[in-house]
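Structure first, commentary second.
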Amino acid sequence: MSSVLTDLCRYPVVQAPMAGGASCPQLVAAVAEAGGLGFLAAGYKTADGMYNEIKQLRGLTGQPFGVNLFMPQPGLADPSAVEVYRHQLAGEAAWYETPLGDPDSSGGGDGYEAKLAILLEDPVPAVSFTFGCPTRDTLDAFAGVGTYTVVTVTTPEEAQAAQWAGADAVCVQGIEAGGHQSTHRDDPQTDGTGIGLLSLVSQVRETVQLPIIAAGGLMRGSQIAAVLAAGAEAAQLGTAFLVCPESGANLLHKQALTNPLFVRTALTRAFSGRPARGLVNRFMREHGPYAPAAYPQVHYLTAGLRAAAAKAGDAQGMALWAGQGHRMARELPAGRLIGLLAEELDAARAAVSTGSMQ
Ligand SMILES: Cc1cc2nc3c(=O)[nH]c(=O)nc-3n(C[C@H](O)[C@H](O)[C@H](O)COP(=O)(O)O)c2cc1C
């Protein structure tokens, strides 16, 4: 690991930011105490909500941690496409006896500037960005207060943009990843053209000099060994941490990850308007084929439906974000999971160096 990443965590294991409640202060603290690097997810939080979680986390651990921000989206969504989708979801609203949400309730910027101001005023050890690349001024400002910056990328070109803008590291996200694809631009013409993680890490390694944190479908130490061998400095895992008892994910979501009823994951715009990978369920099958490219409008439109489905105990109406490795999830306390991943990583490296891998 590069020296700065080594300062932030003992093991090359990063717990992914997971908006929606999973990466709560309890999970991040457990990861940090065990020698990993955990991220709080501020994407759907208000600036105050984010700051409250930071303060709570600081009360639980003195170890380094990170905060993840969503880059504001350009708001190019076609209002008439959102209106058509609203009509197409009318049956869901009737079924769950819940009105559809206001697609414009985000206020456009989701408090990005206010969050930056807080993080620069009261700095945290690391900040990562998704859905785009911040300006050089923003990254320079974080460098000035000693915060390590990570920009999530899904192509070598996005990695180049992050390097030019002055990021300290890139989080390279493969197509296998659970949750939203972190493309810098949401272009329906590129749907389904994402690159597999191992190939993407090698391509980015040959394109930029920045340290790489690899993310997407990683569930075992042997897979972490593979991405480190391909040129990454650390691995970022989301789905593997979703099932930990400290994770704030909904119990139905946790159980679905290893329920044989859910055999496939797919990318869908059905819940949020931006491609995200989750377990294929009824809602995704029915509405995915015509859901518009309209993030975050669709996210707010479906918020009430998703909450009502969760309240009714109906996993078929929830967004069950999951990476392709979901069946390999192990329900262990986060600290034990970090320890196990580190042991598996050591074993895989030893097997490679003695040539005993089959
Ligand atoms: C439930 C869930 C929520 C996520 N939320 C975020 C987020 O808020 N910010 C972010 O950068 N990535 C988010 N991700 C993506 C992760 O950062 C990471 O790329 C992904 O989890 C890696 O794939 P894996 O789940 O197969 O390990 C989320 C992933 C999941 C599963």
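List of remarks:
- Exclusive hit being in contact (Cβ under 8 Å) with a residue 24 or more places away in the chain and within 18 Å of residue 324 (Cα to Cα), set 301, 267: 267
- Any hit, the range 44-54, residues being under 19 Å from residue 291 (Cα atoms) and modelled with pLDDT under 95: no
- Residue within the range 130-137 that is without any contact (Cβ under 8 Å) to a residue 40 or more places away in the chain, of a type in the set (Ser, Thr, Tyr) and under 22 Å from residue 325 (Cβ atoms) present: no
- Selection of helices (runs of 4 or more DSSP H) fully inside the range 121-210 by the criterion of at least 2 residues being within 13 Å of the ligand (Cβ to nearest atom) returns 197-205.
- Selection over the range 9-48 of residues that are surrounded by fewer than 20 Cβ atoms within 10 Å (Cβ to Cβ) and not in a loop (DSSP other than H, G, I, E, B) gives a count of 4.
- Residues that are of a type in the set (Lys, Arg) and touching a residue at least 60 places away in the same chain (Cβ under 8 Å), drawn from the range 273-298: 274, 277
- Boolean, residue 330 is in a helix (DSSP H, G or I) and either out of contact with any Cys (no Cβ under 6 Å at 6 or more places or on another chain) or more than 16 Å from the ligand (Cβ to nearest atom) (or both): no
- Those residues of the range 232-264 which are crowded, with 17+ Cβ neighbours inside 10 Å and either of a type in the set (Ser, Thr, Tyr) or free of Cβ contacts under 8 Å to residues at least 40 places away in the same chain (or both), in sequence order: 239, 247
The values are calculated or read from the model by the stated rules, or taken from the named source; none is laboratory data. Keep in mind that what you see is a predicted model, and the values were worked out from it rather than measured. Here Cβ is always computed from backbone atoms with ideal geometry, including for glycine, and neighbour counts include all displayed protein chains.
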